[in-house]
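Quick notes on the structure that follows.
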Amino acid sequence: MIMDNKKKLSLIMFSGDYDKALAALILANTARQLDMTVNIFFAFWGLCLIRDPEKMSLEDKTAFEKMFTFVAPNGPEDLPLSKMNMAGIGKAMLKEMMEEHDTPDLTAFLKGAQKKGVNFFACKLSVEVMGFKSEEMLPNVKVITAQEYLKDALEADIELFI
Amino acid sequence: MIMDNKKKLSLIMFSGDYDKALAALILANTARQLDMTVNIFFAFWGLCLIRDPEKMSLEDKTAFEKMFTFVAPNGPEDLPLSKMNMAGIGKAMLKEMMEEHDTPDLTAFLKGAQKKGVNFFACKLSVEVMGFKSEEMLPNVKVITAQEYLKDALEADIELFI
Amino acid sequence: MIMDNKKKLSLIMFSGDYDKALAALILANTARQLDMTVNIFFAFWGLCLIRDPEKMSLEDKTAFEKMFTFVAPNGPEDLPLSKMNMAGIGKAMLKEMMEEHDTPDLTAFLKGAQKKGVNFFACKLSVEVMGFKSEEMLPNVKVITAQEYLKDALEADIELFI
């Protein structure tokens, strides 16, 4: 009952960019500080964010899915910037600047978000098309359909596509 | 009257990326399955999505508009991916994976969306700036102003910029 | 009191792309024509938009911040396109087409937006991480936290991430 009165932030995390993911997680964590319900729906490239780099599997995959497993970034810290990636130099600079200002990095934000009660959902269709397996994902990620996402977003106060 | 009670999804389709268009159309079709009103406002590169590749025209265009006609992608299947395009290899892989999982391609999604009652609108300013002509667009696309888009979005339950 | 009854548009300007900025400002100006309250929260690359090219400073910056000052675009007209930048040719074409159709350019849109009452906010964390100084920004830009942005967005009728 109390849950129902909470304000809700609903994010579609479509992009697999390091900087956009950072923005999404800063918003998510900040919303939790305001005691809002926060649901993130990871779809397409966004799935790369919730992929556990130590649990990659090639079993039972088609040739294309295997290729995709290698091509797609292997985990949060391996994601490119949306701008000025410059062979990783831009990201190195950004990470360095973040360190100087004691801003936690993406992996810390991801873990922190789950710890703070941000709910992670994976898009069922994307998971199937990209050939990802549940065991390759971070713990506590629920696979849901686009229909379930929409029903949830209808109840939200802020919906963003990132 | 019954229409007024319907939940509404309002999308700005700004991007001309194959994968983002796919995401938008999956959301649109899913929202229709939930009997929501769905309005897509195609602007800037998004116009490339609703361009009929068989109806391209160079008549009455300035030199720049003609150049733009050739440079901009010619239709849905010609759009690049937002990530990992790699000279089209990434898209070929994605399309192959989609076929294996019986996921329809972008052209099918576009036609399906209109058939299912998704409303397509084109941004008047973008149409003018890019020198597109109505006869170059898919049928049943209404050209509207940004002001008309905003008034409609104010009535929507979910608004996303894609 | 009258303010409270106004419809509100809340934009996060994350991207530093010329075309996306143009889209955001067209929406902002159009919303003002409809007498809506319009708040733009510039974050990450979006900060490049509200940077005054004539007021760049290298004082009191770390080596990394200095590098970043040079790498990041220097002002609105220096921003790349999100698509088809082609070493600036695409943008030159777009600007030329805009001129032919009497569409004002980005700098004019920015100034016009502030004049029309669009409120500009800069993300505190981004400002700190990128090492921007208040004096490097356009006048009348208020630096606020993500928490302040969220509280404001909760009151908005349309929220978009651009």
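Restricting attention to the range A:116-142, and to residues there that are part of a helix (DSSP H, G or I) and under 25 Å from B:LEU22 (Cα atoms), which single residue is modelled with the highest pLDDT?
Let us first name the residues in the range A:116-142 that are part of a helix (DSSP H, G or I), namely A:124-129, A:134-136.
If we keep only those that are under 25 Å from B:LEU22 (Cα atoms) as well, we get A:124-129, A:134, A:136.
On the way: A:LYS124: 93, A:LEU125: 89, A:SER126: 88, A:VAL127: 89, A:GLU128: 85, A:VAL129: 80, A:SER134: 79, A:GLU136: 84.
In this case the residue turns out to be A:LYS124.
Six or more apart or on different chains, Cβ under 6 Å: which pairs go from a residue in the range A:117-136 that's under 27 Å from A:GLN33 (Cβ atoms) and in contact (Cβ under 8 Å) with a residue 24 or more places away in the chain to one that's hydrophobic (A, V, I, L, M, F, W, C) and surrounded by fewer than 23 Cβ atoms within 10 Å (Cβ to Cβ)? Could you list them?
A:PHE120/A:VAL141; A:PHE121/A:ILE144; A:ALA122/A:VAL141; A:ALA122/A:VAL143
Can you give me the number of residues within the range A:119-143 that are in contact with a Lys or Arg (Cβ under 6 Å, 6 or more places away or on another chain) and within 19 Å of B:ILE26 (Cβ to Cβ)?
Within the range A:119-143, residues that are in contact with a Lys or Arg (Cβ under 6 Å, 6 or more places away or on another chain) and within 19 Å of B:ILE26 (Cβ to Cβ) number 3.
Restricting the search to the range A:14-46, which residues are more than 11 Å from chain C (Cβ to nearest Cβ) and touching a strand residue (DSSP E or B) at 6+ places or on another chain (Cβ under 6 Å)?
A:THR37, A:ASN39, A:ILE40, A:PHE41, A:PHE42, A:ALA43, A:GLY46, listed by residue number.
Being modelled with pLDDT of 65 or more and over 19 Å from C:TYR18 (Cβ atoms) is the requirement here; does C:GLU100 meet it?
On the way: modelled with pLDDT of 65 or more: yes; over 19 Å from C:TYR18 (Cβ atoms): no.
For C:GLU100, the condition - modelled with pLDDT of 65 or more and over 19 Å from C:TYR18 (Cβ atoms) - is not met.
How about the range C:1-13: which of its residues are closer than 13 Å to C:GLU159 by Cβ and among the hydrophobic types (A, V, I, L, M, F, W, C)?
Taking the range C:1-13 as the starting set, the residues that turn out to be closer than 13 Å to C:GLU159 by Cβ are C:7-13.
Within the range C:1-13, C:LEU9, C:LEU11, C:ILE12, C:MET13 meet the criteria.
How many residues are modelled with pLDDT of 95 or more and of a type in the set (Phe, Trp, Tyr) if we restrict to the range B:30-53?
The qualifying residues number 2.
Checking B:GLN147 against (1) in contact with a Phe, Trp or Tyr (Cβ under 8 Å, 6 or more places away or on another chain); (2) surrounded by fewer than 16 Cβ atoms within 10 Å (Cβ to Cβ); (3) modelled with pLDDT of 95 or more, which single condition isn't satisfied?
(1)
Just to verify a result, which residue in the range A:143-162, among those that are in contact with a Leu (Cβ under 6 Å, 6 or more places away or on another chain) and either more than 14 Å from chain B (Cβ to nearest Cβ) or in a strand (DSSP E or B) (or both), is farthest from B:PHE161 (Cα to Cα)?
Of everything passing the filter in the range A:143-162, A:ILE158 is farthest from B:PHE161 (Cα to Cα).
The values are calculated or read from the model by the stated rules, or taken from the named source; none is laboratory data. Quick caveat, the model's predicted, so the values are computed rather than measured. Cβ atoms come from the backbone with ideal geometry, glycine included; neighbour counts cover every protein chain shown.
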